[in-house]
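The values are calculated or read from the model by the stated rules, or taken from the named source; none is laboratory data. What you see is a predicted model; the values in this text were computed from it and never measured. Cβ atoms come from the backbone with ideal geometry, glycine included; neighbour counts cover every protein chain shown. We work out accessible area using only protein heavy atoms, side chains counted, and drop any ligands, DNA or RNA first. Shrake-Rupley method; radii C 1.70, N 1.55, O 1.52, S 1.80 Å.
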Amino acid sequence: MRKLYYKWRYYRLGQNDYRKCMGILFPRNIIDLIYTNITVVVLSVLFTVFAIAAEKNYIKASFHGVTIIVSLIISVFSMYKYRQYKNGKQISNRLVLALILLYYANVMFIGFYLAVWYMTEKIAGIFIGILICALFPYVVSPVLYLCLTLAVMILYITAVILFKNPTVWLLDMQNALFAVAISLIFGWQIIMHRMISALNISKLETENTIDALTQLKNRRDFMQTLQRYILYHRPSDKFMCIAILDIDYFKNYNDHYGHPKGDECLCEIGKALNNLKKSKGIYTARIGGEEFAMLWHIENYSEANDMGIYVNQIIRNLNIPHEKSLVVPYITVSIGIHIAQCGIPHDINDLYNSADKSLYNAKNSGRNCTIISS
């Protein structure tokens, strides 16, 4: 079932690509939720006015009033979450899924009410098609889409049998089956198109944030991630570490061994930092030339110094010869670390400049060392 969830033949995506596409499409679903719920509010207000003014039926008016309240709550909450997303905060996929299901349940109830009890018999069956087509804008999973579509059809047919005249059962069931067929054929094609579009966007974003030589993240992604670090951990009693690493006397290395060897050296250091990311969960990036960057969180200052010593040792353990180094005859790095308190507003450029200043102090202190500022 899990394999079917991620590798449906319409998508032809693996689990990782599927999740990347979801990350792109879920924010769009938030916008769809806002627009569709506003539409539901407008329609429900009109139905409420008609129930009160024309029919004097306050029970119907109360029913529509509940629909209006639920739709407004979903709309306002969706707007709030989308505003957070625009400010750099990630939206939980489960939250968006819950909003979609809540919206759909809301529309389904009003749809059943109109189609089964309120509208004329000939027009009522057509409403089920509109109800099923409400699924089109939302991309969650093909299995869930299929289940929701079939659930609507079964519930609608059940309601028709229980509450409508048997003389119109056949017409309503034909309408329901036709709507499901149209939904499955055209709806999945629309979803597939959106999924392919999201996959292309995902590949383009990946290409724009990866350093081609070392396969680490690049400077652009580093600055974006630094901004997310500030937003996601506010407020917090933890500390945030921004480290910049510079290979000691790398120009001398290139001049002596040649640029191809210099590229090999950068790749070796990139692999070491990537392994550090996997083992310690530390964000790593190449931000230009022979400079690398790291981001992580600590509970106290001593952890930052320990990490600096650990990274220095990792690079020394690579034992890459460097005869022209004025420190030791193998590759070493200088590290500048800036520690910032989480929960306090920071400017990412100020944080970067502070870490860069610490790196400058490390170079002036003899290199092959770590200098920390706060």
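Remarks
- When region 258-292 is filtered for residues that are part of a strand (DSSP E or B), touching a Ser or Thr at 6+ places or on another chain (Cβ under 7 Å) and over 16 Å from residue 239 (Cα atoms), the ones remaining, listed by number, are 286, 292.
- Each residue in region 355-367 was checked for being in contact with a Ser or Thr (Cβ under 9 Å, 6 or more places away or on another chain), surrounded by fewer than 20 Cβ atoms within 10 Å (Cβ to Cβ) and either touching a residue at least 60 places away in the same chain (Cβ under 8 Å) or hydrophobic (A, V, I, L, M, F, W, C) (or both), and 2 pass.
- Candidate set from region 306-353 (those that are within 33 Å of the chain's Cα centre (by Cα) and of a type in the set (S, T, N, Q)); member that is least open to solvent (accessible area, probe 1.4 Å): 341
- Test for residue 66: is it buried (at least 17 other Cβ atoms within 10 Å of the Cβ), at pLDDT 65 or above, in a helix (DSSP H, G or I) and out of contact with any His (no Cβ under 9 Å at 6 or more places or on another chain): no
Conditions tested, residue by residue: (1) among the hydroxyl-bearing types (Ser, Thr, Tyr); (2) open to solvent by less than 40 Å² (accessible area, probe 1.4 Å); (3) within 30 Å of residue 270 (Cα to Cα); (4) part of a helix (DSSP H, G or I).
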residue	(1), (2), (3), (4)
158	yes, no, no, yes
161	no, no, no, yes
182	no, no, no, yes
188	no, yes, no, yes
192	no, no, no, yes
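A quick yes/no check of all residues on (1) in a strand (DSSP E or B); (2) at pLDDT below 90:
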| site | (1), (2) |
| --- | --- |
| 226 | no, yes |
| 229 | no, yes |
| 244 | yes, no |
| 251 | no, no |
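- Search result, residues across region 174-221 that are in contact (Cβ under 8 Å) with a residue 24 or more places away in the chain, of a type in the set (Val, Ile, Thr) and more than 24 Å from residue 276 (Cβ to Cβ): 180, 182, 190, 191, 201
- Checking residue 266 against (1) within 16 Å of residue 215 (Cβ to Cβ); (2) surrounded by fewer than 17 Cβ atoms within 10 Å (Cβ to Cβ), the condition it does not meet: (2)
- Pairs where the first residue, in region 54-70, is within 17 Å of residue 42 (Cβ to Cβ) and the second is open to solvent by 70 Å² or more (accessible area, probe 1.4 Å), C-beta under 8 Å, 6+ apart: 67/109; 70/102
- Candidate set from region 194-212 (those that are surrounded by 13 or more Cβ atoms within 10 Å (Cβ to Cβ) and of a type in the set (A, V, I, L, M, F, W, C)); member that is modelled with the highest pLDDT: 210
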